[in-house]
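Visitor: Starting off with a structure, shown below.
What follows is calculated from the coordinates using simple rules that are stated; it is not laboratory data. Model, not experiment: these values are computed from the prediction. FYI the Cβ positions are ideal-geometry reconstructions off the backbone, even for glycines, and counts take in every protein chain you see.
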Amino acid sequence: MDVRILMLGNSFTFTNHMPQMLAQLTGAEVVHHTRGGARLSEHLNLKTKLGALTQEALDKEHWDYVVLQEMSHGPITAPGSFFASVDSSATKFGRMGQSLSSTPPGPTRKVGPS
């Protein structure tokens, strides 16, 4: 079976053809649900267009990896909201791919199943 990757994020996710580069580097099928300025919480909110699209893809399709990219300053300006979204994502997805942040690395926090 071919590897499938779903990228959830904003302009940091799709700028410079990141999904296409990831597909070329990995040979995987890469799909991205993005909107400039989107926060991770928008992808989890079924009341938003992006959230409904993401939930439909998660419910109806198989994904080997889900890449999460929060709004650039979100982890710094709203860390509680960021970690709540990551925790919710880990529960919802069952397993996590790679969580991306455009902020410098800081203390690590384990989320999701072991």
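Visitor: Please tell me the relative contact order of region 1-62 in percent, rounded to the nearest whole number, where contacts are Cα pairs under 8 Å and at least six residues apart. Could the numbers behind the result be given before it?
Guide: Details: 81 pairs, mean separation 20.1, N = 62.
Contact order relative to length: 32 percent.
Visitor: Quick one: what Rg and Dmax do you get for region 15-65 from the alpha carbons, in Å?
Guide: 12.1, 34
Visitor: Here is a follow-up. Using amide H atoms built 1.01 Å from N in the peptide plane, name the residues 5+ places from Met71, or on other chains, whose amide H lies under 5 Å from its own.
Guide: Leu40
Visitor: P(r) for region 3-87: what percent of alpha-carbon pairs falls in each 10 Å bin, starting at zero?
Guide: All Cα pairs considered, the percentages come to 18, 49, 30, 3.
Visitor: Calculate one ³J(HN,Hα) per residue across region 63-79 by plugging θ = phi - 60° into the Karplus curve 6.51 cos²θ - 1.76 cosθ + 1.60, and present them in order as whole Hz with x for glycine and proline.
Guide: Using θ = phi - 60°, the values come out as 10, 7, 9, 10, 9, 10, 10, 7, 4, 3, 9, x, x, 8, 7, 9, x Hz.
Visitor: Compute the distance in nm between two label points, each set 7 Å from the Cα along the Cα-to-Cβ direction, one at His17 and one at Lys47.
Guide: Those two pseudo-labels are separated by 3.9 nm.
Visitor: If packing is taken as the average number of other Cβ atoms within 10 Å across a peptide's residues, how do 77-87, 20-30, 38-48, 4-14 rank, most packed first? Kindly include the intermediate steps, with their values, before the conclusion.
Guide: Working: 77-87: 15.1, 20-30: 13.3, 38-48: 18.1, 4-14: 21.1.
Taking the mean over residues of other Cβ atoms within 10 Å, the ranking is 4-14, 38-48, 77-87, 20-30.
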